[in-house]
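A short write-up of the structure that comes next.
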Amino acid sequence: MRNWMSMMAMSAVANSTFLPLKTIIPFSLTKTSPFLFSLTTPSRRYLSASALPSISTDHDFNISDSSGDGNGVAVSRKSSKVLLKGMTYSELEKWVQSHGYRPGQAIMLWKRMYGNNIWAHHTDELEGLNKDFKKMLSENADFMALAVKEIHAASDGTRKILFTLDDGMVIETVVIPCDRGRTTVCVSSQVGCAMNCQFCYTGRMGLKRHLTAAEIVEQAVFARRLFTSEVGSITNVVFMGMGEPLHNIDNVIKAADIMVDDQGLHFSPRKVTVSTSGLVPQLRRYLQESNCAIAVSLNATTDEVRNWIMPINRKYKLDLLLETLREELSFKHKYKVLFEYVMLEGINDSNEDAKRLTELVKGIPCKINLISFNPHSGSFFKPTKEERMIEFRNMLAEAGCVVLLRPSRGDDQMAACGQLGKPGTIQAPMLRVPQQFQMAVGSST
């Protein structure tokens, strides 16, 4: 297997197994890096894509699928080349045939893009393919949807990759190694996010735009290409990076389908988890159309608190969200929801919250992840103390819940849950703190 350091021709760090705390790896490209790419790639236009919103401050949440139909083909604005990773295998096969080549060439191309430890980024890496076919690809197709800007290495081994998009925007992807031999890649689905969850740094950005299927898939491809030789097989994908995945449901479902294809990246559907803050119509559709896993970011046990910290709850209340899960999971076999619960000191961590949570999830096959809040600039929340988290966990476990404490990873590099992104000068609004919680957050408003 390749050593990802040497691939990037970075001799200064090629022989280092562990990167120092707060390491930032800039990407300079040379002729000795044949698979690398320009950081000033041409812009692309996306066919079958509707206009996308910028920053959302509408807390009545008139949410619609503004991501296109997920079936558009990404095309380079300057060269009019199709973007290969934006296609499912059936779409790729039809496209290959439309250029006069047999389906066998399509499957060989697919395996070289996604499998065989190749993860091809240009035609020079397509060993074994017909010469005329490779010439056609170089003239009509583009392999890459993203450009690596830099990599941040945290002290616990977590890596945060910053990717530049064609329009100059930046997204962040996190690779999380685990001692148990499981490595997870956390992918983004949007630039920013419209949900404005009050504890989330990404939410401060507002929504800039949705990512295409190609831009989502490429994050997982890059993770394997860059880090497999260092951390071993990357086995899990979580859609828990920047954005609300189900707000971009067409492209997310398409990207997940590409990721689980058994001739390509071959992730297990049960190891590809899409997270949501609770967009109920899209959640229902996802559970009906996808075999991948679902995580629901719950974070409160009353509508009053959830309306404040997760404004989407003003449109889709807790009862509706949970009843939808009960209904849809009744049609699925051996399927469990992962409930995520970010613990905020004095806000959602009382004994009463623990009791209400056990009642809320009754009748729903589930696991509960208790997550420590990861502080960031501008936030007035405080993380629940560890001993309190343990007490809270024990109360849930004694009531029969399957519950885990999830440790923070990568927080010294702003790579942990709720820390991704870079808000600009115009930010989504902080909402008024309810009277009963003003002391807990130290607010005078």
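With 29 Å as the limit on Cα-Cα distance, the pairs of K85/K135; K315/K355; K94/K332 that go past it are K94/K332. For the residues Y201, Y335, a 1.4 Å probe over the protein chains yields an accessible-area ranking, largest first, of Y201, Y335.
Within the straight-line cut-off of under 18 Å between alpha carbons, the aspartates and glutamates reachable from K362 are D303, D319, E323, E327, E328, E340, E352, D353, E398, sequence neighbours fewer than 8 places apart in one chain being disregarded. Local charge for C292 was computed over the other residues whose Cβ lies under 11 Å away, with Lys and Arg +1 and Asp and Glu -1, and equals 0.
Count charges around I312 for me, please; just the other residues with Cβ under 9 Å from its Cβ, Lys/Arg as +1, Asp/Glu as -1. Its environment carries a net charge of +2. Using the Karplus relation 6.51 cos²θ - 1.76 cosθ + 1.60 with θ = phi - 60°, the per-residue 3J(HN,Hα) values for segment 142-157 come to 10, 8, 10, 10, 9, 10, 6, 9, 6, 10, 9, 10, 8, 5, 8, x Hz, with x marking Gly and Pro. Computed over protein heavy atoms with a 1.4 Å probe, the accessible surface of segment 190-250 works out to 14 Å² per residue.
Rolling a 1.4 angstrom probe over the protein heavy atoms with all chains in place gives segment 289-393 an accessible area of 41 Å² per residue. The alpha-carbon atoms of segment 171-238, seen along their principal axes, cover 36, 27, 14 angstrom, with the largest extent given first. Taking every DSSP bridge with both residues inside segment 78-176, close to 85 percent are antiparallel.
Remark: segment 272-380 is approximated by an ellipsoid whose semi-axes, taken from the C-alpha gyration tensor as √(5λ), come to 24, 15, 14 Å, largest first. Carbon-plus-sulfur accessible fraction, segment 314-358 (probe radius 1.4 Å, protein heavy atoms only): 50%.
On a 1.4 Å probe surface of the protein chains, which of D142, D166, D179, D319 comes out largest in accessible area, and what is the full order?
Numbers: D142 45, D166 15, D179 160, D319 115 Å².
Correct descending sequence by accessible area is D179, D319, D142, D166.
The values are calculated or read from the model by the stated rules, or taken from the named source; none is laboratory data. Given the structure is predicted, the values throughout are model-derived calculations rather than measurements. Cβ: placed from backbone, ideal geometry, glycine included. Neighbour counts: every protein chain shown. Ligands, DNA and RNA are excluded from the accessible area calculation, which covers all protein heavy atoms including side chains. Shrake-Rupley method; radii C 1.70, N 1.55, O 1.52, S 1.80 Å.
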